[in-house]
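Data block below; observations after.
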Amino acid sequence: MANTDFQKHCVKQNWIIGIAFLSLCLSGSWSEARRIHLTPEQQSQLAKANTILLNVLALTEKGPTDDSPLVETITTRLQDLNYTVITDPAQPHDIEFKVKCEERKTWTGTSATGGDVDLADAPDRLWKGPACLLTYRLHHRDLDWKKEIRTSFPDAVQAAQKAKVEDSGHYAMGQLNQRLAEYDFPILLSAEWGQIDRLLLLLDRPTTPKLRKVKILAVLSDLHAEEALPQLQQLLESTDLQQETINALAGAGIDSIPLLIDFFETSTQSPIRAEAAKALGKLAARTGDPRTIPPLVHYVSSILPQLKTSEDIDFPLLTAVVWAIGKQLWGPSLKPIGQLQEKVWLIFDNSKEMADLREATSWTYKQLDLDGHIS
């Protein structure tokens, strides 16, 4: 009997480790899903990179074409983040940034890692129309960072005819150049290279458009950017970006936990509380800090007595809270989540909001119910 109990204990411990690892994987982002592991030396080199060698290739169905408009656009975009851009490979440089634009994308086969299904803006292996592939090299080594921009049309010839343009290749390059002017690859590169200071300077710049600030904040939420916390705290005073800033606090480390808890417990705005819950869930999975989950569980426990119909449920907030609770194993979470699971299935409601909440409660309960896993 004692031996059986010991075996069950061992199995339970293995489940704890396994589920914790799964939660960490599920909480990962594009920045953490690194294709090639970077050595500390490479990380240091990327963080200090300033001079970029720009290598642009423009290919139409008739062959290579003038790439100067593309070079001008890309250079302007990179200089906006204070990078020095050169085109002469004989000149000293820190990084080579390569952009290959084609009227008809060349199929190169599937990638060994990454791909269009698991990384945002990654190359789409099914796309055959005009596209630009963006990559970079560090000391002649490809670190497998790939982004792709595409036109809105799959056939350049048909699109050019519709636009009454004779040269389809010229038309395709013009459309791709416009996409390069819109797509915020400089922000993604700065995040990829760990250059948080450039992102914060751009975020603080008065002339930076709101949509671009939203993009920066979204990127910061996926990075380990503790140095961003003071500036994010200041930005919280800006009501039009408060929700996005709270999301970004998830990347600012454990020092942001008290601030997030305060927003979750005291805010009168449901969207703000939901964002705070999501950020706490990310930090719970990333850091394992025990402070993250209790406030969320307390919220669930406090509303359980009032949950009798769908009208009693704040679906966006409660769903965010339940997903977050499942990101860390905390014993007292199981009972209220189990009670919530029973209630949401007893309430007659076939709406998508209820379906999402039921999915969240089922997943979270399974994450927490270790005895159910091993029985």
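The values are calculated or read from the model by the stated rules, or taken from the named source; none is laboratory data. All values reported here derive from a predicted model rather than from experimental measurement. Note that we place each Cβ from the backbone using ideal geometry, even for glycine, and neighbour counts take in every protein chain shown.
Tell me the residue from ALA285, ALA320, ALA324, ALA274 that is under 30 Å from SER238 (Cα atoms), in contact (Cβ under 8 Å) with a residue 60 or more places away in the chain and assigned by TED's automatic domain parsing to the domain that holds GLY251, please.
Every option except ALA285 fails the conditions.
Could you grab me the full set of residues in the stretch 115-127 that are at pLDDT 70 or above, closer than 28 Å to LYS48 by Cα and not acidic (Asp, Glu)?
ALA122, PRO123
Considering LEU70, LEU81, LEU54, which residue is in the same structural domain as PRO130 (by TED's automatic domain parsing) and within 24 Å of the chain's Cα centre (by Cα)?
Only one candidate qualifies: LEU81.
Out of curiosity, is GLY288 out of contact with any helix residue (DSSP H, G or I) (no Cβ under 7 Å at 6 or more places or on another chain) and either surrounded by 15 or more Cβ atoms within 10 Å (Cβ to Cβ) or aliphatic (A, V, I, L, M) (or both)?
yes
Pull up the stretch 72-88, narrow it to residues that are touching a Pro at 6+ places or on another chain (Cβ under 7 Å) and assigned to a helix (DSSP H, G or I), then point me to the one that is nearest to ARG198 (Cα to Cα).
LEU78
Please state which one of ILE293, ILE261, ILE254 is of a type in the set (Val, Ile, Thr) and exposed (fewer than 15 other Cβ atoms within 10 Å of the Cβ).
Sole residue among the options that is of a type in the set (Val, Ile, Thr) and exposed (fewer than 15 other Cβ atoms within 10 Å of the Cβ): ILE254.
If you check ARG286 against the conditions, is it in a loop (DSSP other than H, G, I, E, B) and either over 16 Å from LEU368 (Cα atoms) or basic (Lys, Arg) (or both)?
No: the conditions fail for ARG286.
What residue, among those in the stretch 217-231 that are of a type outside the set (A, V, I, L, M) and part of a helix (DSSP H, G or I), is nearest to LEU203 (Cα to Cα)?
Filtering the stretch 217-231 for residues that are of a type outside the set (A, V, I, L, M) and part of a helix (DSSP H, G or I), the one nearest to LEU203 (Cα to Cα) comes out as GLN231.
Kindly provide the set of residues from the stretch 190-213 that are in a helix (DSSP H, G or I) and of a type in the set (S, T, N, Q), ordered by number.
Result: SER190, single match.
Considering each residue of the stretch 304-319, count those that are within 16 Å of PRO336 (Cα to Cα), part of a loop (DSSP other than H, G, I, E, B) and touching a helix residue (DSSP H, G or I) at 6+ places or on another chain (Cβ under 6 Å), and give that number.
Qualifying residue count for the region: 1.
For the stretch 345-363, which residues satisfy the criterion of being within 30 Å of the chain's Cα centre (by Cα) and under 16 Å from PRO316 (Cβ atoms)?
SER351, LYS352, GLU353, MET354, ALA355, ASP356, LEU357, ARG358, GLU359, ALA360, THR361 - these are the residues of the stretch 345-363 that are within 30 Å of the chain's Cα centre (by Cα) and under 16 Å from PRO316 (Cβ atoms).
Restricting to the stretch 67-114, what's the tally of residues that are surrounded by fewer than 17 Cβ atoms within 10 Å (Cβ to Cβ), more than 20 Å from LEU189 (Cβ to Cβ) and at pLDDT below 95?
Matching residues across the stretch 67-114 total 6.
Within the stretch 355-375, take every residue that is surrounded by fewer than 16 Cβ atoms within 10 Å (Cβ to Cβ) and hydrophobic (A, V, I, L, M, F, W, C) and give me the one that is modelled with the lowest pLDDT.
Across the stretch 355-375, the extreme among qualifying residues is ILE374.
For the subset of the stretch 201-212 comprising residues that are surrounded by fewer than 20 Cβ atoms within 10 Å (Cβ to Cβ) and in contact (Cβ under 8 Å) with a residue 24 or more places away in the chain, which member is nearest to GLY129 (Cα to Cα)?
Here the residue is ARG212.
So which residues in the stretch 163-189 are farther than 15 Å from GLU148 by Cα and part of a loop (DSSP other than H, G, I, E, B)?
The answer is ALA163, LYS164, VAL165, GLU166, ASP167.
Starting from the stretch 81-108, keep only residues that are at positive phi, then list their pairs with residues that are not in a loop (DSSP other than H, G, I, E, B) whose Cβ atoms are within a distance under 8 Å, requiring at least 6 positions of separation or different chains.
ASN82/ARG198; ASN82/LEU201
Exactly one condition in (1) touching a residue at least 12 places away in the same chain (Cβ under 8 Å); (2) part of a helix (DSSP H, G or I) is false for LEU329; which is it?
(2)
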